[in-house]
Amino acid sequence: MVDFEEGNKKAIFIVLILIIAGASFYLGFYLGEGESTAAQSNQSDIQAIQSTNYSLLLITSPKGDAEDRIIELIQTANRSIDVEMYSFTNLDLANALIEAKKRGVYVRVILDPLQNEADVSKGIILDSNGVEVRKAPSNFKITHSKIMVVDGVIVLIGSHNWSLNAMFYNREMSVIIHDSNLASQIEGIFNSDWEKSSELP
């Protein structure tokens, strides 16, 4: 005579084993695939992380195409670009801001007043092409900020100065963040600095 209770226990046990085995295979396959994808992303030195509320792009140097990513971001601007930069000697980035100004984008730049002639010359080039440029407030020992806010919703912030060394030779890390709340906070600080800044000589 068959013990149905015992048979049921064995059947349930077998089903549980099959479920666990299937789950292990599924997780192993997809986690392994994720690790492979992450490894490929690390090789390119650029990583994007997306969620429903914001997106974030990590930019690194060298070999991370940092200059290209920043120029692409400038090119997306429709209304405004605000830049506060410690060192700004990169002509390609200056030209990208000038092109944005020609498209009708309102562009403002704050530069540290103690930087070298190359920085000053970029400021003069920007200013002569309609970009509003000011020297940072003198009450700061230095203005070490490296930020850009685009259209009041996108922020570039990190270690990159806008120089050839930072773009192509130094180890640098910055992030582009699509977050209107963060952009609003940084814009508030920028506006405060802008009001206290002085015109170029």
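State the extension gain, in nm to one decimal, for the chain segment bounded by LYS102 and ASN139, taking 0.36 nm per residue of separation less the distance between their alpha-carbons. Don't jump to the answer; show the numbers that get you there.
Numbers: separation 37, 0.36 × 37 = 13.32 nm, distance 3.30 nm.
That works out to 10.0 nm of additional length.
By how many nm would the segment from GLN185 to LEU164 lengthen if fully extended, with 0.36 nm per residue of separation less the alpha-carbon distance? Write out the running numbers ahead of the final one.
On the way: separation 21, 0.36 × 21 = 7.56 nm, distance 2.89 nm.
Full extension from GLN185 to LEU164 adds 4.7 nm.
Name the residue farthest towards the positive end of the dipole of the stretch 90-173 from the options VAL149, LEU111, VAL131, assuming +1 on Cβ of Lys and Arg, -1 on Cβ of Asp and Glu, about the Cα centre.
The residue sitting most towards the positive pole is VAL149.
Figure the gain on full extension for ARG171 and ASN95 (residue separation times 0.36 nm, minus the Cα-Cα span) and round it to one decimal in nm.
Values: separation 76, 0.36 × 76 = 27.36 nm, distance 2.41 nm.
Extra length available between ARG171 and ASN95 comes to 25.0 nm.
ASP92: net charge of surrounding residues, Cβ under 14 Å, Lys/Arg +1, Asp/Glu -1, itself excluded?
Values: positive: ARG69, LYS122; negative: ASP65, GLU67, ASP68, GLU72, GLU99.
Residues close to ASP92 contribute a combined charge of -3.
Hand me the trypsin sites (Lys or Arg not before Pro) from the stretch 143-201 located in a DSSP loop with no more than 11 other Cβ atoms within 10 Å, in residue order please.
Numbers: sites: LYS146, ARG171, LYS196; in loops: ARG171.
When the trypsin sites (Lys or Arg not before Pro) of the stretch 143-201 are filtered for loop state and at most 11 Cβ neighbours within 10 Å, ARG171 remain.
Net charge around LYS146, counting only other residues with Cβ within less than 11 Å of its Cβ (Lys, Arg = +1; Asp, Glu = -1)? Could the numbers behind the result be given before it?
On the way: positive: none; negative: GLU84, ASP112, GLU172.
Summing Lys/Arg as +1 and Asp/Glu as -1 gives -3.
For every other residue with a beta carbon closer than 9 angstrom to the beta carbon of SER198, add +1 if it is Lys or Arg and -1 if Asp or Glu, then tell me the sum. Don't jump to the answer; show the numbers that get you there.
Numbers: positive: ARG134, LYS135, LYS196; negative: GLU199.
That sum, taken over residues with Cβ under 9 Å, equals +2.
Could you calculate the FRET efficiency of THR76 with LEU114 from 1/(1 + (r/R0)^6), where r is the beta carbon distance between them and R0 is 25 Å, rounded to 0.05? Intermediate results must be reported in sequence, preceding the final value.
Values: r = 32 Å, r/R0 = 1.26.
About 0.20, to the nearest 0.05.
Taken together, the values in this text are just the output of simple stated rules run on the coordinates, not laboratory data. Predicted, not measured: the structure shown is a model, and the values here were computed from it. Glycine also receives a Cβ, built like all others from the backbone with ideal geometry; neighbour counts cover every protein chain displayed.
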